[in-house]
Every structure is written in C-alpha cells, then in structure tokens.
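J.: Dumping the structure here so I can ask a few things about it.
The values are calculated or read from the model by the stated rules, or taken from the named source; none is laboratory data. Source: prediction; values computed, not measured. Every residue, glycine as well, gets a Cβ built from its backbone with ideal geometry; the counts of neighbours run over all protein chains shown. Note: accessible area is taken over every heavy atom of the protein model, side chains too, but ligands, DNA and RNA are not part of it. Shrake-Rupley method; radii C 1.70, N 1.55, O 1.52, S 1.80 Å.
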Amino acid sequence: MATVRRRVFSLLSRTQNFNFNTKSHLTVPLSQPINSKSDDQMLFRILESCKLFPNLRTAVAVHNKIIKHGYVIANMMITSFMEIGETDIAKNVFSAIPARDVITWNSTIGGYVKNGLFKDSIDIFKEMLRKNIEPDGFTFASVVTACARLGALRHAKWVHGLMIEKRIEVNYILSSALVDMYSRCGRIETAKEIFNTAQRTDVSVWNAMINGLALHGLALDAILVFSIMKVENVSPDSVTFVGILTACSHCGFIEEGRKYFNLMQREHSIQPQLEHYGAMVDLLARAGLIEEAYAMIKEMRMEPDVVIWRALLSACRTHKNPELGEVAIKRIKHLESGDYVLLSNIYSSMKKWDSAETVRYTMKKNGVRKCSGKSLVELRGVIHQFKAADRYHPETEAIYRVLDALIHRTRMQGYVSMSDLVFMDISEEEKEENLNYHSEKLALTYAIIKSSPGTEIQISKNLRTCPDCHSWMKIVSQVLNRVITVRDRIRFHRFESGFCTCGDYW
Ligand code: ZN
Ligand code: ZN
C-alpha cells in the first residue's frame with residue numbers, strides 16, 4: 001500500500017496543469033500536454049492500483065491531489081470510487097465533468113449497478129439518452145442487468161426495443177443478460193425465445209436459461225436444457241449446477257438433486273462450493289430430511305455461511321424441530337430479526353410460550369432492529385417502492401382504505417390471517433394488523449387501484465414472501481380474477497384462480 005501511495009504522490013508532484021479533455025476518457029492535458037506515453041500509462045496504473053487495493057483514504061488523497069493540480073482522470077476516478085462503494089463521490093466526479101463521452105456514462109451506469117443502485121442506473125441511462133450520447137453494448141449490458149434486478153418489465157421491454165432500434169450487436173454477454181432479464185421480469189417464455197435464437201457456444205447463456213427456469217420452479221425444463229448442453233458440446237460449470245440444484249430444491253426433486261450433486265463432482269470434477277451446499281441443504285431440509293441436511297452441513301469442507309444456517313432454521317420451523325433450530329441460530333453470527341422470529345415461531349407453533357418469550361426478550365436485549373421487507377411495483381413506467389406498514393406514499397390514505405376493504409372481502413372467501421406468525425405477546429388484533437400491512441400487500445393494493453380490471457400485476461420483493469401474504473394473494477387472484485406474480489428473494493410465484501405455481505412448496 002505504501003508503495004502505491006509513494007508512486008501516486010511522486011507522479012502527481014511531477015505532473016501539473018492537467019485539464020479536462022473532451023475526447024479522451026483517460027487523461028490528456030490541455031495547457032501542458034503529457035509528452036510521453038509512459039506518463040499516461042503511469043497515471044492509468046495509479047488508478048488501477050486504487051482498484052486493486054480498495055482504500056478510501058488513498059482514493060480520496062489521489063482525488064484531492066488531482067483536483068488540486070487540475071488533473072481529472074475522470075473515468076478511472078469514477079470506476080475507482082465505484083469499486084470501493086463510494087457512489088456519491090463517483091457521482092460528484094461525474095457531475096464535475098463538462099464533456100462526457102460514452103465511457104464516462106458507462107463507468108457511472110455500470111458502477112451504480114455494481115453497487116445495487118439499479119433505479120439510479122436507469123435514471124442516469126435516461127439522462128444519457130436525453131443528452132444524445134449513443135449507448136453501446138456495454139451500456140446495455142449494465143442497463144439490462146438493472147432492469148433484471150428490479151424486475152421492471154416495462155423498462156425491460158423498452159430497453160430491449162432500444163437495443164433493436166440501435167442495431168446493437170447481441171453477443172453472448174448481452175444474450176445471457178437478456179435471458180436473465182426476461183426470466184427475472186416474469187417472462188420466461190420470452191427468455192426461452194431469446195435463448196433459442198442466441199449463439200449458445202458460451203456456457204453463460206445456458207446458465208442464464210437454467211437459472212431462470214429454476215427461479216420459475218420449472219425443474220423439468222431446467223433438466224432438459226442441461227441435457228441439450230451435452231448434445232451441443234458445452235461443458236457445464238459451477239454456476240450451471242447451482243441452477244440445476246436450485247431448480248431441484250424448488251420442486252422437491254430429492255433424488256435428482258442428489259444425482260446432480262454427485263455428477264458434478266464425479267464427471268465434471270467440480271468441487272461443491274457454498275452455493276451448491278446451500279441448494280442441497282435447502283432441498284433436503286425443506287423436504288423434511290432435516291437430519292440429513294444437518295449431516296451434509298457437518299461434512300462441508302468449508303465454513304457454512306449464514307444462508308445455509310437460515311435454510312436449516314427455516315425448515316426447522318416448517319417441520320417443528322426446535323433442537324436443530326437452536327443449533328442453527330447459534331451459528332448465525334449477525335442475527336437479524338427474521339431469525340429470532342423464526343425460532344420464536346418454532347416454539348409458538350409447539351405452544352412453548354416461555355421459550356418463545358425468551359427468544360423475543362433476547363432479541364430486544366440485543367437491540368436487533370427489524371429488517372423490513374420492501375416490495376416494488378412498476379406502474380406506467382414508474383417504479384413504486386413500499387416498506388412494511390409504510391405511510392410515505394402520497395396516496396397512502398387510499399391504499400390503506402382499499403387494502404382494508406380487500407382484506408374484508410377475502411375473509412368472506414375464507415382467508416384467515418396467520419397471526420401465529422407474529423410474536424405472541426401482542427394482541428390478536430395487533431398481530432393481524434402487522435401482517436395486513438406487509439409490503440407486498442401494500443404494493444398489490446396500489447397496483448389494483450392504478451390498473452384496469454383484469455390486468456396482470458407483477459411485484460418484486462427483497463425477502464421471502466410470508467405464508468400469510470401467500471395465502472392471501474391466492475384468494476385475491478381468485479376474487480378479482482387477476483394474475484398476480486410475486487418475485488421474492490427465492491423464486492417466482494404466479495397466482496391465478498386461487499392457486500400458485502409453486503404449489504405452496506417454497
Ligand atoms: Zn406477508
Ligand atoms: Zn407460491
């Protein structure tokens with residue numbers, strides 16, 4: 001690190017009076033040009049070093065020096081700050097550049113995507129178009145990924161349309177991104193169409209398809225695609241098996257899961273990683289084979305991560321196994337409210353009120369904050385976000401009024417609130433209220449208000465959808481005769497005529 005710093009400062013002390021350049025994305029001085037190519041390369045390497053050794057102090061020091069001396073190596077600065085998660089500083093650098101080329105825009109859009117700021121990346125992309133900067137394949141690769149992560153179908157279609165209009169050459173990176181985007185936006189048929197016409201020599205295109213099918217719980221289709229891979233002489237990699245095992249897990253295909261887990265190691269010499277173990281533990285535990293799942297965790301060659309322990313904990317709730325639930329919770333380092341809720345629910349469902357109360361008390365004592373669910377819904381090209389019991393939306397009054405009426409109506413059709421999913425020390429009424437205002441219920445209600453009858457509604461949620469919202473959505477889909485799609489953290493649920501495509505297994 002010290003060497004990097006010395007190199008940075010020695011170089012900066014040698015160079016002076018850099019200025020913006022309207023053409024280059026690197027650095028070319030206006031008032032005192034750099035004469036040698038080596039200086040230019042040196043500057044490039046400094047900023048590369050910032051990427052290799054992400055350190056805010058160094059990056060800021062370089063930034064300050066550059067500003068002080070009038071040097072702006074804009075795109076490298078943006079990339080470096082984005083790499084270390086300093087998106088605001090990167091945006092400031094971006095804003096300070098008077099003439100930005102496509103690479104500057106790409107660095108910013110791509111940086112936002114890497115930092116999970118998907119909505120912002122799309123906003124920047126729209127600004128880029130307004131400024132008449134022509135996007136290229138790299139721009140679209142980032143924007144398509146942003147649309148995929150947001151599950152924003154309307155945006156997705158718009159972006160894809162732009163790609164066609166601008167005759168962007170669709171290479172394997174863009175093909176994979178498009179397959180992934182349509183899968184994540186609930187349009188698995190469109191994803192299949194793109195996959196069928198894409199150049200499929202690279203494994204990433206197959207991975208996007210298999211993982212997309214897994215997300216939709218289409219295990220048989222995923223297995224079929226996997227078998228075609230062999231015919232077309234494409235070797236599966238580690239990601240392919242994550243998709244296959246996840247698909248098996250979502251459908252409860254225990255034997256197939258075991259088969260592919262062994263095949264991966266035996267025939268393809270791929271050693272299982274955390275994700276493969278995660279899918280297998282989830283598959284076994286959800287199917288009720290909790291002891292076998294625990295045995296697999298103990299056999300792991302690496303430290304199991306929080307996802308694996310949570311999969312076990314979650315299954316312990318479904319299959320009422322407090323002993324292993326306690327084992328799991330002890331291994332989760334940074335416990336979130338959801339973990340305590342799960343353990344508390346295990347005890348509550350077994351009517352062990354004292355133990356449930358102890359868990360609740362521990363959670364309070366440890367000052368664990370509730371991790372609230374967030375749901376997104378895209379309406380007429382605008383993305384609306386809701387948190388549980390959110391009252392920030394400008395149309396909050398109407399949303400709550402319609403939601404209460406809708407809950408009343410669904411009760412008449414047999415909906416019963418699963419109040420045992422909430423901690424036991426509050427009254428039944430309060431418990432119900434908490435469940436009633438989960439973020440996906442608010443998002444769905446707003447979509448119902450804003451869309452015409454019969455229109456399909458699509459919601460994406462950051463957490464796993466809870467059993468109460470799940471059973472409620474099924475009844476709403478029947479009562480209002482609407483198709484409702486919810487993409488939660490794990491998979492897609494498509495509610496239609498009172499049923500969900502997951503078959504209540506998720
Ligand atoms: Zn819920
Ligand atoms: Zn479902």
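J.: Which pairs in the list Lys230/Lys259; Lys91/Lys374; Lys114/Lys450; Lys352/Lys374 are over 21 Å apart, alpha-carbon to alpha-carbon? Mind dumping the intermediate values first?
T.: Numbers: Lys230/Lys259 16 Å; Lys91/Lys374 25 Å; Lys114/Lys450 32 Å; Lys352/Lys374 31 Å.
With Cα atoms farther than 21 Å apart: Lys91/Lys374; Lys114/Lys450; Lys352/Lys374.
J.: Restricting to region 375-500, compute how many DSSP beta bridges are antiparallel as a %, nearest 5.
T.: On the way: 14 of 18 bridges.
Of those bridges, close to 80 percent are antiparallel.
J.: Tell me which residues come under 5 Å, amide H to amide H, from Asn321 once H is placed; ignore anything under 5 positions away on its chain.
T.: For Asn321, no residues qualify.
J.: From the phi of every residue in region 463-479, what ³J(HN,Hα) in whole Hz does the Karplus formula 6.51 cos²θ - 1.76 cosθ + 1.60 yield, where θ is phi - 60° and glycine or proline is x?
T.: Each residue's phi maps through the Karplus curve to give 10, 5, 5, 7, x, 5, 4, 4, 6, 5, 4, 4, 5, 4, 4, 7, 4 Hz.
J.: Here's another thing I want to ask about it. In whole angstrom, how far apart do the alpha carbon centroids of region 258-281 and region 80-128 sit?
T.: Cα centroid to Cα centroid, the span is 38 Å.
J.: For region 375-500, what is the accessible area per residue in Å² when the probe is 1.4 Å?
T.: Details: 5750 Å² over 126 residues.
Spelled out: the 1.4 Å probe surface of region 375-500, per residue, equals 46 Å².
J.: With θ set to phi - 60° and the Karplus curve 6.51 cos²θ - 1.76 cosθ + 1.60, what are the ³J(HN,Hα) couplings of region 189-204 in order, to the nearest whole Hz, using x for Gly and Pro?
T.: Values, residue by residue: 5, 5, 4, 5, 4, 5, 4, 5, 9, 7, 6, 10, 7, 9, 4, 4 Hz.
J.: Quick one: net charge around Cys147, please, counting Lys, Arg +1 and Asp, Glu -1 for every other residue with C-beta under 15 Å from its C-beta. Intermediate values should be presented prior to the final figure.
T.: Numbers: positive: Lys119, Lys126, Arg149, Arg154, Lys157, Arg184, Arg187, Arg487; negative: Asp120, Asp123, Asp180, Glu378.
Counting the neighbours of Cys147, the net charge comes to +4.
J.: If each residue of separation counts as 0.36 nm, what is the full-extension length gain between Glu255 and Lys320 once their alpha-carbon separation is subtracted? Working shown, then result.
T.: Details: separation 65, 0.36 × 65 = 23.40 nm, distance 2.36 nm.
Full-extension gain reported as 21.0 nm.
J.: Can you give the extra length, in nm with one decimal, that the chain gains between Glu193 and Glu169 once fully stretched, where that is 0.36 nm per residue apart less the Cα-Cα distance? Write down the numbers at each step before the final one.
T.: Numbers: separation 24, 0.36 × 24 = 8.64 nm, distance 1.72 nm.
Extra length from Glu193 to Glu169 when fully extended: 6.9 nm.
J.: Moving on. Karplus couplings for region 171-186 from phi (6.51 cos²θ - 1.76 cosθ + 1.60, θ = phi - 60°), rounded to Hz, Gly and Pro as x?
T.: Each residue of region 171-186 in turn: 8, 5, 5, 5, 4, 4, 5, 5, 4, 4, 4, 5, 4, 6, 8, x Hz.
J.: May I ask you to derive the FRET efficiency for Thr362 and Arg489 from their Cβ-Cβ distance with R0 = 25 Å, giving the value to the nearest 0.05?
T.: On the way: r = 25 Å, r/R0 = 1.00.
Efficiency, rounded to the nearest 0.05: 0.50.
J.: Search the structure for amide H atoms under 5 Å from the amide H of His493, placed 1.01 Å from N in the peptide plane, and list their residues when 5 or more places away or on another chain.
T.: The list, which skips near neighbours in sequence, is Val486, Arg487, Asp488.
J.: Which value in nm describes the separation of the simple spin-label points at Ser349 and Trp158, placed 7 Å from the Cα toward the beta carbon?
T.: Distance between the two pseudo-spin positions: 4.2 nm.
J.: What is region 375-500's relative contact order, in percent, from Cα pairs under 8 angstrom and six or more apart in sequence?
T.: Relative contact order here is 26 percent.
J.: Taking the Cα centre as origin and putting +1 on Lys and Arg beta-carbons and -1 on Asp and Glu beta-carbons, what dipole magnitude results for region 375-500, to the nearest 20 debye? Kindly include the intermediate steps, with their values, before the conclusion.
T.: Numbers: 17 positive and 17 negative charges, 128 e Å.
It comes to approximately 620 debye.
J.: Note the full-extension length gain between Arg301 and Glu496 as 0.36 nm times their separation in residues minus their Cα-Cα distance, in nm to one decimal. Let's see the in-between values first.
T.: Numbers: separation 195, 0.36 × 195 = 70.20 nm, distance 4.30 nm.
Once the chain is fully extended between Arg301 and Glu496, it gains 65.9 nm.
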